[in-house]
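J.: Structure provided below as structure tokens; questions to follow.
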Amino acid sequence: MADPTIRVRIAPSPTGPLHIGTVRTALFNYLYARRVGGTFVFRLEDTDVARSTIANERDILEGLHWLGITWDEGPDVGSEGDIGPYAPYRQLARMASHTEAAEGLLARDLAYPCFCTPEELDADRKAQEAAKQPPRYVGRCAHLTPEERAARLADGRRPATRFRVRPGVVGWNDLIRDRIEIDTANLGGDFVIVRADGTPLYNFVVVVDDAAMEISHVIRGEDHISNTPKQILMYESLGYDVPVFGHLPLILNPDGTKMSKRKSQTAVDDYRGQGFIREGLVNYLAYLGWSPGTEEDVLSLPEVVERFDIGAVQKGGARFDRDRLEWLNGQWIRRLEPDDLVDRLRPFLEAAVADGRIDRLPSDDEVRTLLPIVQERLPTLAAVVDLVGFLWTRDVQVDPSTLVPKRWDAATTRDGLAAAREVLARHDAVTWEADELEPPLRALVEARGWKAGDLFMAIRVATTGRTATPPLFDTLVALGRERTLARLDAAIEGLDPGTTA
């Protein structure tokens, strides 16, 4: 049932490239909004001026759009940009409202100026460590008199602003995790919401901005659970309606550890550069923590929207399985129309020419004729170079250790390749077809008492330099008669009779 009052958001910080975790969070917010007929908002949290860059901002916006994740309000919506009903959609442009909210808390003594020096705070932490106590603000400035505050200001000390944490329990009914309750005694005492230099901190500004934009549901990663009680306290003190919270499971490495850029590939642009296509990547990410409850695997974004149920999101961590991603990506590559696939392959072939992995760029027609033998075998677009790049190189590098089959020695391999060359040379351009080449080579194998796999592997390595290719006879047809015979000649000549398997 449609509920236009539901408003969700994604609020990334442009301090780094688009992260796979950010995409999954954005995707689940998008799916929820589209499923219930709500509004999806994009807000840029760009207050970390030192680390934020325009390049990262562009990477985030372009990456999400590339995946097909679109929003109803944001800094890039509309021809003018950043003029929606709750604009501005950049946190840096909303600083006046943050200042006003902080001053309101100070005026009602729900927050207070804190003059503690870094040295004092460090000494407090060390004393607590020595006493085996958890870190906690000791309240040194919580009850200063007006005269004491004035004296510190007169000494030139600039205060931070600390929020007063009330005693008791903070609880919420999580969309995904049911009821969660946390005693405020475990929050580390009163916490800073504005630094001494006037810069507001994340936990504070996100509350002010979400309330101003009337965000009704905050759906984010479970690593934010520890922030939620602090934010609920501030919602209460500021007199705002508390939104519904939902905390998605973490994305984990295969070993169960948290996915991070130190241990894993996390930048979406890296996956794109390796030839993962948007349909496959977004399909896979939808399954990281959610399932439609059926045997369906391959779903388009509109199909995922139709099936999405926020209540079916799992609580436990979602392990990132690259093999599964490649399989799903391959399924989507198989569904692409020929002209679309040729267009998507072209940048990867151009890159292979640029870095010397292939010697020339094939025409679109050349690539199109190969699709029947490669489209079913591509886990990624970039794999086309490994699969059939030998077609566009002048020579191939043949490793004698892979050229000689395990059951053969070098002499047998030379004899086998020479005999195969003789059989293949009987065919002209007219009869150079897969169904014409295979029977006489199988007859040769039978006559000599060889295993077909041994001879065929030797031919494959000799002509392509690889042990894994599309079907051998389709490969020979793609290479053509003259290049096949020339590469067999080079392999025979280069094979040292003393080489063993």
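The values are calculated or read from the model by the stated rules, or taken from the named source; none is laboratory data. This one's a predicted model, so the numbers in the text were calculated from it and none came from an experiment. Positions of Cβ are backbone-derived with ideal geometry, glycine not excepted, and every protein chain shown enters the neighbour counts. When the accessible area is computed, the model is the full protein with side chains, heavy atoms only, and any ligands, DNA or RNA have been set aside. Shrake-Rupley method; radii C 1.70, N 1.55, O 1.52, S 1.80 Å.
J.: Only bridges with both residues in the chain count here: give the DSSP antiparallel percent, nearest 5. Could you put the intermediate results ahead of the total?
T.: Values: 16 of 29 bridges.
The antiparallel fraction comes to roughly 55 percent.
J.: Checking the cross-link filter: which lysines have an alpha carbon closer than 27 Å to that of K315, excluding same-chain neighbours under 8 positions apart?
T.: K230, K258, K261, K263
J.: Okay, next question. Around G453, what is the net charge, scoring Lys/Arg as +1 and Asp/Glu as -1 over all other residues with Cβ under 12 Å from its Cβ? Mind showing how you got there, number by number?
T.: Details: positive: K406, R407, R442, K451, R460; negative: D454.
Overall, the nearby charge balance is +4.
J.: For a test of the definition: using alpha carbon positions, the gyration tensor, and the 1.5 limit on a/c, classify the range 295-446 as rounded, prolate or oblate. Walk me through the numbers before you get to the answer.
T.: Details: a/c = 2.31, a/b = 1.97, b/c = 1.17.
It comes out prolate by the Cα gyration axes.
J.: Which angle from 0 to 90°, rounded to the nearest 10, does the C-alpha axis of helix 20-36 make with the longest principal axis of the chain?
T.: Tilt of helix 20-36: around 80 degrees.
J.: Here's another thing I want to ask about it. Using the Karplus curve 6.51 cos²θ - 1.76 cosθ + 1.60 with θ = phi - 60°, work out ³J(HN,Hα) for each residue of the range 110-116 in order, rounded to whole Hz, and write x for Gly and Pro.
T.: Each residue's phi maps through the Karplus curve to give 8, 8, 8, x, 10, 9, 4 Hz.
J.: How many nm separate the modelled label positions at A447 and D197, each set 7 Å beyond the Cα in the direction of the Cβ?
T.: Each label point lies 7 Å from its Cα, and together they span 8.4 nm.
J.: Provide the gained length on full extension for the span D339 to D48, in nm with one decimal, where the gain is 0.36 nm per separating residue minus the Cα-Cα distance.
T.: Numbers: separation 291, 0.36 × 291 = 104.76 nm, distance 4.39 nm.
Residue separation times 0.36 nm, minus the Cα-Cα distance, leaves 100.4 nm.
J.: If I model a spin label as a point 7 Å beyond the Cα along the Cα-Cβ vector, how far apart are those points for R360 and A486 in nm?
T.: With each label placed 7 Å out from Cα toward Cβ, I get 1.0 nm.
J.: Under 5 Å between amide hydrogens, which residues at least 5 positions from A382 or on another chain qualify, with H placed 1.01 Å from N in the peptide plane?
T.: The list, which skips near neighbours in sequence, is G275.
J.: Quick one: grab the alpha carbon gyration tensor of the chain, order the square roots of its eigenvalues as a ≥ b ≥ c, and give me rounded if a/c is under 1.5, else prolate or oblate depending on whether a/b is larger than b/c.
T.: On the way: a/c = 3.11, a/b = 2.58, b/c = 1.20.
Since a/c reaches 1.5 and a/b is larger than b/c, the shape of the chain is classed as prolate.
J.: For the chain, what is the accessible area per residue in Å² when the probe is 1.4 Å?
T.: 47 Å²
J.: With a 1.4 Å probe and every protein chain kept in, tell me what percent of the accessible surface of the chain is carbon plus sulfur. Don't skip to the end; give the middle numbers.
T.: Numbers: 11840 of 23700 Å².
On the chain, the fraction of accessible area on carbon and sulfur atoms equals 50 percent.
J.: Could you work out [θ]222 nm for the chain from helices alone, using -39500 (n - 2.57) per DSSP H run of at least four and dividing by all its residues? Round to the nearest 500 deg cm²/dmol. Display every interim value, and only then the final one.
T.: Values: 20 runs with 227 residues, N = 501.
So the helix-based figure for the chain works out to -14000 deg cm²/dmol.
J.: Another question about this same structure. Residue by residue through the range 42-49, what is 3J(HN,Hα) from phi via Karplus (6.51 cos²θ - 1.76 cosθ + 1.60, θ = phi - 60°)? Round to whole Hz and write x for glycine and proline.
T.: Each residue's phi maps through the Karplus curve to give 10, 10, 9, 8, 10, 6, 7, 4 Hz.
J.: May I pose another question? For the range 375-401 and the range 471-493, what is the centre-to-centre distance using only Cα atoms, to the nearest Å?
T.: 14 Å
J.: Mind giving me the nanometre distance, one decimal, between the label points for A127 and R407, set 7 Å out from Cα along Cα→Cβ?
T.: Modelled inter-label distance: 8.2 nm.
J.: Would you mind checking which residues have amide H under 5 Å from R90's amide H? H placed 1.01 Å from N; only 5 or more apart, or other chain.
T.: Under 5 Å from the amide H of R90: L44.
J.: Further question on the same structure: Rounded to the nearest Å, what's the spacing between the alpha carbon centres of the range 93-149 and the range 178-225? Just the number, please.
T.: 16 Å
J.: Tell me which cysteines of the chain come out unpaired when the rule is another cysteine's Cβ under 4.7 Å.
T.: C116
J.: Give me the angle, in degrees from 0 to 90, between the Cα long axis of helix 410-425 and the longest principal axis of the Cα atoms of the chain, rounded to the nearest 10.
T.: 80 degrees
J.: Find the relative contact order for the chain and round it to a whole percent, using C-alpha pairs within less than 8 Å whose residues are 6+ positions apart.
T.: Worked out over the chain, it gives 12 percent.
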